[in-house]
1. Looking at the stretch 192-200, can you tell me whether even one residue there is surrounded by 13 or more Cβ atoms within 10 Å (Cβ to Cβ), at pLDDT 90 or above, touching a Phe, Trp or Tyr at 6+ places or on another chain (Cβ under 6 Å) and more than 25 Å from Val118 (Cα to Cα)?
2. Could you check Lys127 against (1) surrounded by 18 or more Cβ atoms within 10 Å (Cβ to Cβ); (2) in a helix (DSSP H, G or I); (3) of a type outside the set (Val, Ile, Thr) and say which number it fails?
3. Return only the number of the condition from (1) closer than 29 Å to Val47 by Cα; (2) in contact (Cβ under 8 Å) with a residue 24 or more places away in the chain; (3) of a type in the set (Lys, Arg) that Arg126 does not satisfy.
4. From the list Ser134, Ser104, Ser56, exactly one residue is closer than 22 Å to Leu162 by Cα and not β-branched (Val, Ile, Thr). Which is it?
5. Are any residues in the stretch 130-142 over 9 Å from the mean Cα position of the chain (by Cα) and surrounded by 24 or more Cβ atoms within 10 Å (Cβ to Cβ), and if so, which ones?
6. Being buried (at least 18 other Cβ atoms within 10 Å of the Cβ) and under 13 Å from the mean Cα position of the chain (by Cα) is the filter here, so list the residues in the stretch 68-84 that pass it.
7. I'm told Ala122 meets every condition in (1) in contact with a helix residue (DSSP H, G or I) (Cβ under 7 Å, 6 or more places away or on another chain); (2) in a loop (DSSP other than H, G, I, E, B); (3) surrounded by fewer than 23 Cβ atoms within 10 Å (Cβ to Cβ) except one. Can you identify the failing condition by its number?
8. Output the residues belonging to the stretch 26-41 that are more than 17 Å from Leu95 (Cα to Cα) and either in contact with a His (Cβ under 6 Å, 6 or more places away or on another chain) or surrounded by fewer than 20 Cβ atoms within 10 Å (Cβ to Cβ) (or both).
Amino acid sequence: MQRSLATSLTAAILLTIFAGSAAAQFTTLDPQQVSTSAGVNISAVVVDRPDTELDSVLRADLYAEIGLVDFSLYGDLPIFATLAGEPDEVTVGNLEVGGAHRWSLDGPISVVSHVGLVIPTASKSRKKQDVAFSGSTGYVADLYVNSLPQLWAVRMATSPRLDFGAFFMQGDLGFDFLFPDIGSDEVGMRTSVGAGVDVAIATLTVEIANAGLISESDTFEQTFSAGVDLNALIIRPRVTYTTGLSDGLGDDYTLTFGAAISF
């Protein structure tokens, strides 16, 4: 039954992609661009952790943003399903909703700041938690926020961006104030950077994401990503490869498939 549910979920997501949705230009950086868009990124996460029998996890990130001049409202919800291994589960992560504001500075530089509230929609089941955590290893900026149950969190970040002709860059500096029902409160920090260039009909991107808990320096994890977007007028297919750079994620990698329709 779990397999059929995962198949149905995948089909529904693919239908959503080609029915009308949009994605950000980076996969592992903060997606807020203060624009009107909606989309989904689909990831196949290959799991190589000694403490689990999972082999791979499907992850689908549903994202929507409504832009109002220099302000926007956004929502983000990850969905996970076992592709191979145990436990065989389908589950959702924690929902994030919030607002973003863009400051346009002189020249090609702009700054987007956002504040989000994480609402605890993740399951309390330990098996489902394991699937959600494994499916989040390619997205270290959201690793704890997506997978911890009974979690409320306030997320704050500032992302300077440079758009200079065909070349663009983005950096993220963010803090996550985690308030779980059990255990001590924690503060997470995110420092990530990405660059891209438009080449003919494609956009090429590279990203380094770094995130962890401030109180435990050895929990910081880092990933490297390289992606390609096809610059179609309406639908923008994309493929991103992400691999771990830190010891905890050194053998993990994800392959992300997405598509976008801007409106």
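The values are calculated or read from the model by the stated rules, or taken from the named source; none is laboratory data. A quick note: this is a predicted structure, and the numbers were derived from the prediction, not measured. Quick reminder, even Gly has a Cβ in these numbers, built from the backbone with ideal geometry, and neighbours come from all protein chains shown.
1. Looking for residues that are surrounded by 13 or more Cβ atoms within 10 Å (Cβ to Cβ), at pLDDT 90 or above, touching a Phe, Trp or Tyr at 6+ places or on another chain (Cβ under 6 Å) and more than 25 Å from Val118 (Cα to Cα), one finds at least one in the stretch 192-200, hence yes.
2. Failing condition for Lys127: (1).
3. The one condition Arg126 does not meet is (2).
4. Criteria check complete, one pass: Ser104.
5. Within the stretch 130-142, Asp130, Val131, Ala132, Ser134, Gly135, Thr137 qualify.
6. Asp76, Leu77, Pro78, Ile79, Phe80
7. (3)
8. Ser35, Thr36
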